[in-house]
Amino acid sequence: DYTQAYISNYGEWREQVQWSLINQATLKMNKKMSGSLLIKSWLFEHEFQPFLPSLGLQTQLIKSFLNWKVNVSWQASAPTLNDKYWNIGGNPTLQTEEGINTECTWEGEMKFKSHFQLEYQATGYYSNTKNWILWVPNESGLWTAQNVAIVEAKGVELRTHFKYLKKRLKIQLG
């Protein structure tokens with residue numbers, strides 16, 4: 001990935017070069033369980049992240065009624081040219097964001113008679129990122145890019161989808 005921009009407050013061109021190499025393997029353990037491993041290597045300017053893995057596992061616990069998925073991934077994200085050099089507020093000393101993301105999902109569907117179907121999903125997530133890049137106003141009200149020491153995000157997402165199907169009639173709520 002190559003990006004170039006003319007930075008008027010510096011009076012010169014700036015560029016960023018980012019290289020990524022991604023390898024992925026998927027393993028089907030049996031009819032109900034599978035897993036995946038993704039390994040990303042990343043080079044940005046003079047910073048090298050040789051090993052950013054992502055692991056996933058999914059299994060069918062009760063046929064179509066209940067499935068379980070879990071994912072864990074490590075990530076790194078470099079500051080953009082805008083983050084570093086935006087005319088007024090950019091910060092050329094920004095550091096790379098680094099962190100871990102996790103999520104666990106329970107999902108499934110239930111069928112009632114021949115016309116009704118309910119799909120449901122509950123996902124819990126957690127992420128911990130150091131050097132998060134955030135634009136915040138300074139004392140004079142000017143928005144500037146800064147690294148925040150550590151940011152945690154956690155929560156639960158719920159989703160339901162109801163379907164009614166009969167011949168040519170289809171009603172969905174979700």
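The values are calculated or read from the model by the stated rules, or taken from the named source; none is laboratory data. Here the structure is a predicted model, which is why all the values come from computation and not from measurement. Neighbour counts run over all protein chains shown; Cβ positions are idealised from the backbone, glycine included. Just the protein is used for accessible areas: all its heavy atoms, side chains included, with ligands, DNA and RNA removed. Shrake-Rupley method; radii C 1.70, N 1.55, O 1.52, S 1.80 Å.
If I ignore ligands, DNA and RNA and count only protein heavy atoms, how much of Leu66 is accessible to a 1.4 Å probe, in Å² to the nearest 10?
Probe radius 1.4 Å; accessible area of Leu66 about 40 Å².
Go from 0 up to the bin containing the longest alpha carbon distance in the stretch 70-113, width 10 Å each, and give me the % of pairs per bin.
P(r) for the stretch 70-113, in whole percents per bin: 21, 25, 20, 16, 10, 6, 1.
Given a cut-off of under 8 Å on Cα pairs at least six residues apart, what relative contact order in percent is computed for the stretch 99-141?
43
Counting Lys +1, Arg +1, Asp -1, Glu -1, what net charge surrounds Gly174 among other residues with beta carbon under 14 Å of its beta carbon?
-1
With N set to the number of residues, divide the alpha-carbon radius of gyration of the stretch 101-174 by 2.2 N^0.38 Å and report two decimals.
Taking N as the residue count of the stretch 101-174, the ratio is 1.90.
Using the alpha-carbon centroid of each, what span in Å lies between the stretch 117-174 and the stretch 24-102?
Rounded to whole Å, the Cα centres lie 16 Å apart.
Measure off, as a whole percent, the carbon and sulfur share of the 1.4 Å-probe accessible area of the stretch 23-104, all protein chains present.
58
Would you mind calculating the gained length between Thr26 and Asp1 on full extension (0.36 nm times residue separation, minus the Cα-Cα distance), in nm to one decimal?
6.4 nm
Just add up the charged neighbours of Ala145: K/R +1, D/E -1, any other residue whose Cβ is under 9 Å from the Cβ of Ala145.
0
Over the Cα atoms of the stretch 19-148, Rg to Rh with Kirkwood Rh, two decimal places?
1.16
With every protein chain left in place, what is the accessible area per residue of the stretch 1-60 in square angstrom, probe 1.4 Å?
For the stretch 1-60, the per-residue accessible area is 74 Å².
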